[in-house]
Amino acid sequence: MKTRTKWLIAVMAASLVGGFAGQAAAQKSDYYKDKVVNLIIAGSPSGGHSRYARLIAPYLQKHLGASELRISNMRGGGGLKAANHMWRVKPDGMTVAFGNASTLIFAPIAGSKGAKFIATEFAFLGRATSEPRMLMVGGKSSIKTFQDLQKLDRPFIYPSQGTDEDFYTMAILSDALGFKLKAVTGYEGNADTALAVIKGDGDGHITGWSESQAAIKSGDKRPILVVTSQRIPDYPDVPTAIELASAGKRGMLEAMSNILETHRSYYAPPKTNPEAVAAFRAAVDAALNDPALLAESKKGNRPVSFMNGNQQQAAIEQIARESGGLAPVLKAAVKAIQ
């Protein structure tokens, strides 16, 4: 996987800068005009998916031409409940989900019994953002650096909301970087796992950069590792997982990083009406290139990192094909919590 897939994602993202706003306009359709569209957010009302989806919603409704964009939340299983629901809904394009595409890729590779879908058969409609993800510990924790974690004489306690992308990420980090892990499941969303870490009920959790800022600045949490591909300029002394891995484990971490960079995305059920897919992709293109949205996202510290749905579909299909080497680690992690 390594360089080839990362190059594919980089080229796709770069190509959007000049071309896709015009393409979206050219593909504008009346398919959704004056219709009610249901948007299911795969997560809690207070989570990052909700904040992004609700930020984008007015612009998406405008560019769809819909009379209403009806938003609801469906949490459970780290996004699996929503994905399973989307697998069964009518494929007319009137019900679309917004959630983490990473979970859709990881869960089938892991052989998760909770995943009743085939990720590559969903219609991916566009990625809204792909921000860095970090392993955080509590501000009062004795763990100050990742090296402190590796020196623990006990498992690192990880509060988990289920078999979501962060659960699988922690399993891969444990295997690749050589530390013991104990996942404690049953938490409801990122806010719940964050509180557990701050209170000291767990050692740490993984979260997105934009969701971490307030807690870091207040001293409630501390970043010790970047789990995506590049260091974060605001935290130059925090290493990436890939930097710390042995040569034999870097391929695994690069595959993980590529999956995580698919991130917050819109998707529809298998065999969705092609006209609906084209119209929704065009609306996402237009919404995420809308100057008013970009200004609002910048003001609210919610960075947009757009990928067009056509390119995203191809990238996810390739990533899924090339990530089979992760299966033994992910399957062992799922077995450990059953």
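Numbers for the structure displayed
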| quantity | calculated |
| --- | --- |
| Ranked VAL334, VAL96, criterion: other C-beta atoms within 10 Å, fewest first | VAL334, VAL96 |
| Label-point separation, LYS182 to GLU121 (7 Å along Cα→Cβ), nm | 4.0 |
| Residue-by-residue Karplus 3J(HN,Hα) for the stretch 220-234, coefficients 6.51, -1.76, 1.60, Hz, glycine and proline x | 6, 9, 9, x, 10, 7, 9, 9, 8, 7, 10, 4, 9, x, 5 |
| Those aspartates and glutamates that a straight Cα-Cα span of less than 18 Å connects to LYS217, excepting residues fewer than 8 apart in one chain | ASP234, ASP237 |
| Reachable aspartates and glutamates from LYS271, criterion Cα separation under 14 angstrom, eight or more residues apart if same chain | ASP92, GLU121 |
| Contact order normalised by residue count of the chain, Cα under 8 Å, 6+ apart, percent | 30 |
| C-alpha long axis of helix 209-218 to longest principal axis of the chain, angle in ° | 50 |
| Sequence-distant residues sharing a close amide H with VAL184 (under 5 Å, placed H) | TYR158, SER160 |
| Degrees, to the nearest 10: 101-110 long Cα axis against longest axis of the chain | 60 |
| Other-chain or far-sequence residues with amide H under 5 Å of ARG70's (modelled H) | VAL37, ASN38, LEU39 |
| Sorted by Cβ neighbour density within 10 Å, fewest at the top, the residues ARG127, ARG154 | ARG154, ARG127 |
| Modelled label reach - LYS335, point 7 Å along Cα→Cβ, the stretch 150-175 residues with backbone N closer than 16 Å | 171-172, 175 |
| Residue list for the stretch 199-220, given a label point 7 angstrom along the Cα-to-Cβ vector of ASP237 and an amide N cut-off under 17 Å | 216-220 |
| In Hz, Karplus ³J(HN,Hα) per residue of the stretch 268-281 (6.51, -1.76, 1.60; θ = phi - 60°; x = Gly, Pro) | 10, x, x, 6, 4, 2, x, 5, 5, 4, 5, 5, 5, 4 |
| Equivalent ellipsoid, the chain (semi-axes from 5 times Cα gyration tensor eigenvalues, Å) | 33, 20, 19 |
| Equivalent ellipsoid semi-axes - Cα gyration tensor, the stretch 221-324, angstrom | 30, 22, 8 |
| Given LYS90/LYS299; LYS90/LYS113; LYS151/LYS182; LYS151/LYS221, the pairs whose alpha carbons are separated by over 26 Å | LYS90/LYS299 |
| Debye log10 I(q)/I(0) at q = 0.12, 0.18 Å⁻¹ for the stretch 132-240, Cα point scatterers | -0.34, -0.82 |
| Length-normalised contact order for the stretch 174-291 - Cα pairs under 8 Å, 6+ apart - percent | 19 |
| Residue-averaged 222 nm ellipticity for the chain, from DSSP H runs of 4+ at -39500 (n - 2.57), nearest 500 | -15000 deg cm²/dmol |
| Footprinting exposure proxy for PHE117, PHE106 (fewest neighbouring C-beta atoms within 10 Å first) | PHE117, PHE106 |
| Between 0 and 90°, nearest 10: helix 309-322 axis offset from the chain longest Cα axis | 40 |
| For the stretch 132-203: relative contact order, % (alpha-carbon pairs under 8 angstrom, 6 or more apart) | 43 |
| LEU225 long-range amide H proximity, modeled H, under 5 Å | LEU135 |
| FRET efficiency for ALA295 and GLN213, using Cβ-Cβ distance with R0 set to 25 Å, rounded to 0.05 | 0.85 |
| Nearby aspartates and glutamates by direct alpha-carbon distance to LYS331 (threshold 20 angstrom, same-chain neighbours under 8 apart not counted) | ASP164, GLU165, ASP166, ASP175, GLU254, GLU322 |
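Quick note: the coordinates plus some simple rules give every number you see, no bench work behind them. Note that this is a predicted model, so its numbers are computed, not measured. Ideal geometry is used to build each Cβ from the backbone, glycine not excepted, and the neighbour counts take in all protein chains shown.
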